[in-house]
């Protein structure tokens, strides 16, 4: 990501009473740092607000209460960003900054800012920076499992923590518009995903490409929000027939999702994926010209990633939904479910 | 109650007023997503039906037949029957008799927001399966003019069933799923294809 664009984005986001602000927290801190940021945020709230933010860790309804849809259609619970004071909002963002990698935090800010662009272009109050919610399942802890949820339109982050172990699965990212201008600079929240996917596709030889390309339309995510517990038969080209370089490209592409979390956690996840790379599949549906609107999927024993442009009458490259799942450990269940 | 109805109406009006090309979900299409679960003793079709806000009334007209604003058990069953008539499943060329195993219909108000999903599960007895290769075909003809489709085989829960090939038509309203049955393999349970939790 162009550092100048990132700086401009953060400066703009920190301006104005209704904006997302740059925080002073160290991005990607260990669990103790995340807990500290969470407790600091809770300390800025009154009892009533704290009651809205913290849910029981066993609250399955809240755990699954995330979606790609705008908040006016899919009702979230938790603390609405638009209902926070500026210091509270800064403290809320510090929780995210501590939980995510610098690039992951930046991606989240860009997705939120895209929704603000959508609000301004459509004049609809159901979109925008204020319409994102933060909640915790369980009390912030360095030892006991707990969870951070942050979401709204085109964003459903579910970070489960258990000691120093963390997972982002399942989480939804998306963007509309998926490309926009900010102070004369072009911002693409999911630009890395798009470019790396086309690079991987173009690296495939004819035989590999024939296997990778599905002969039918993919109009949406198969395992998007609301599809917990489902796993589909993998399709496409299998990692076992990819070259070493192509395998690294596939992992690098997956890193756009796994890398939303702190570097050490992301590396552990990619190492896990590397062990079963031969059993990991890459599938493609749609045009193959670089930059066109195409669906792709990565599926392995411990990962499912889908990227689905939305053909809703407009330019599908400007409206994208993605999902990241771990069929063996969504919501970190292997760390806490008995 | 009045406030809730008013809020829902306001939301629907706001959604309808918003240009579809700019709006964040599919509002003029009926998404029908089917997961095909193949097990040694039965075939299960888990279908999620999500009407967009602009077609929700057309779908509701086929469900809430007495137009009283509520979906009765009888109306839910009648809609399941309607859907079932539009589905054709065959195993090795033999037409399967589908039976409704579970369903959940959300309220008309929720359907009208474009966020409500109807869940239906149909089952058919597949066994006793002979060892070896089999082909399951499925065709969905339900409300074709407004629908988009997804059909996928679930990853089998048992090692005795192995999906070998999936072939769909261009819009995924029809598919062929080839699989092999290995009765002598140990049945190792996996996490996939589990029954959905109907709310």
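The values are calculated or read from the model by the stated rules, or taken from the named source; none is laboratory data. Nothing here was measured: the structure is a model prediction, and the numbers come from that model. Cβ: placed from backbone, ideal geometry, glycine included. Neighbour counts: every protein chain shown.
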Test for residue A:300: is it at pLDDT 95 or above, within 14 Å of chain B (Cβ to nearest Cβ), surrounded by 23 or more Cβ atoms within 10 Å (Cβ to Cβ) and touching a helix residue (DSSP H, G or I) at 6+ places or on another chain (Cβ under 7 Å): yes
Do we have any residue at all in the range A:259-279 that's modelled with pLDDT of 95 or more, under 28 Å from residue B:148 (Cα atoms) and in contact with a strand residue (DSSP E or B) (Cβ under 8 Å, 6 or more places away or on another chain)? no
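To keep it simple, each residue is scored yes or no on (1) surrounded by 21 or more Cβ atoms within 10 Å (Cβ to Cβ); (2) at pLDDT 95 or above; (3) closer than 25 Å to residue A:297 by Cβ.
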| site | (1), (2), (3) |
| --- | --- |
| B:105 | yes, no, no |
| B:167 | no, yes, yes |
| B:186 | no, no, no |
| B:199 | no, no, no |
Test for residue B:86: is it away from chain A (no Cβ under 12 Å), at positive phi and either touching a strand residue (DSSP E or B) at 6+ places or on another chain (Cβ under 8 Å) or modelled with pLDDT of 95 or more (or both): no
Among A:92, A:36, which is over 22 Å from residue A:177 (Cα atoms) and buried (at least 22 other Cβ atoms within 10 Å of the Cβ)? A:92
When you go through (1) surrounded by 18 or more Cβ atoms within 10 Å (Cβ to Cβ); (2) over 22 Å from residue A:332 (Cα atoms); (3) within 14 Å of another protein chain (Cβ to nearest Cβ) one by one for residue A:227, which number turns out not to apply? (2)
Complete set of residues in the range A:211-228 that are touching a helix residue (DSSP H, G or I) at 6+ places or on another chain (Cβ under 8 Å) and in a loop (DSSP other than H, G, I, E, B): A:228
Quick check on my filter: what residues within the range A:189-220 are more than 9 Å from chain B (Cβ to nearest Cβ), under 21 Å from residue A:155 (Cβ atoms) and surrounded by 20 or more Cβ atoms within 10 Å (Cβ to Cβ)? A:189, A:190, A:193, A:194, A:197
Of all residues in the range A:149-178, count the ones that are away from chain B (no Cβ under 14 Å) and within 25 Å of residue A:69 (Cβ to Cβ). 9
Taking the range A:35-80 on its own, how many of its residues are away from every other protein chain (no Cβ under 14 Å) and assigned to a loop (DSSP other than H, G, I, E, B)? 9
Is it the case that residue A:260 is more than 14 Å from every other protein chain (Cβ to nearest Cβ) and surrounded by 20 or more Cβ atoms within 10 Å (Cβ to Cβ)? yes
Residues within the range B:18-35 that are facing another protein chain (nearest Cβ under 9 Å) and either out of contact with any helix residue (DSSP H, G or I) (no Cβ under 9 Å at 6 or more places or on another chain) or at pLDDT 50 or above (or both), tallied: 12
Could you tell me which residue of the range A:230-241 is surrounded by the fewest Cβ atoms within 10 Å (Cβ to Cβ), considering only residues that are touching a residue at least 12 places away in the same chain (Cβ under 8 Å) and facing chain B (nearest Cβ under 9 Å)? A:234
Selection count, the range B:110-141, where residues are more than 14 Å from chain A (Cβ to nearest Cβ), surrounded by 20 or more Cβ atoms within 10 Å (Cβ to Cβ) and within 13 Å of the chain's Cα centre (by Cα): 3
Output for the range B:168-182, where each listed residue is in a strand (DSSP E or B) and within 18 Å of the chain's Cα centre (by Cα): B:168, B:174, B:175, B:176, B:177
Whichever residue in the range A:311-321 is touching a strand residue (DSSP E or B) at 6+ places or on another chain (Cβ under 6 Å) and crowded, with 23+ Cβ neighbours inside 10 Å and, among such residues, is nearest to residue A:159 (Cα to Cα): A:321
